[in-house]
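Right, one structure below, let's go through it.
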Amino acid sequence: QVQFVESGGGLVQPGDSLKLSCVASGIAFSYADMAWYREVPGKQRESVAIIKSSGITSLADSVKGRFTISRDNAKNTVWLQMHSLKPEDTAVYYCQFYPSRTSSWGQGTQVTVSS
């Protein structure tokens, strides 16, 4: 059974940092291209950071220079390090395959950036 469990979200102030974690199970993790996505009510879910099985990464323009994605294949884990958080980063963050698969969404972790 494919499962992604996200954690690390919370309520922070603008300019703060957070590190999100995602543990995967039921997949050949080291061969999987992975991504972090975020969703805001009323808007389409978007990918913000991608990490290929090769380790190559790419970031959405809105988070470049502030977010970093990394992975540890031995731990089946993907991280999203977020710095200089802005109110517009407020969203539920999810991780899973890239490209995403409809049946593989986890519960996500809420990130709220507010003063």
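The values are calculated or read from the model by the stated rules, or taken from the named source; none is laboratory data. Being a predicted model, the structure only gives us computed values, none of them experimental. Using ideal geometry, Cβ is built from the backbone for each residue, glycine included, and neighbour counts are taken over all protein chains shown. Heavy atoms of the whole protein, side chains included, go into the accessibility calculation; ligands, DNA and RNA do not. Shrake-Rupley method; radii C 1.70, N 1.55, O 1.52, S 1.80 Å.
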Worksheet item: When the chain is modelled as a GNM with alpha-carbon springs shorter than 10 Å, which of ARG71, ARG38, ARG101 fluctuates the most?
Response: ARG101
Discussion item. What does the net charge come to around ASP16 if you take all other residues with beta carbon closer than 13 Å to its beta carbon, with K and R at +1 and D and E at -1?
Written reply: +2
Worksheet item: In terms of Cα to Cα distance under 20 Å, which lysines are near enough to LYS43, apart from those fewer than 8 places away along the same chain?
Response: LYS86
Response to the item:
Carbon and sulfur atoms account, in whole percent of the 1.4 Å probe accessible area of the chain, for 47 percent
Discussion item. Once you place label points 7 Å from the Cα toward the Cβ at ASP72 and GLN1, how far apart are they in nm?
Written reply: 2.5 nm
Discussion item. Using a Gaussian network model on the chain with a 10 Å cutoff between Cα atoms, which of THR102, THR68, THR77 fluctuates the most?
Written reply: THR102
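Before I look further, what does the range 33-115 give for accessible area per residue, probe 1.4 Å, in whole square angstrom? All intermediate terms of the calculation are to be shown ahead of the outcome.
Numbers: 4350 Å² over 83 residues.
In whole numbers, the range 33-115 has 52 Å² accessible per residue.
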Discussion item. Rg/Rh for the chain to two decimals, with Rh computed the Kirkwood way over all alpha-carbon pairs.
Written reply: 0.94
Discussion item. Relative contact order for the chain: what percent, with Cα pairs under 8 Å and sequence separation of 6 or more?
Written reply: 37 percent
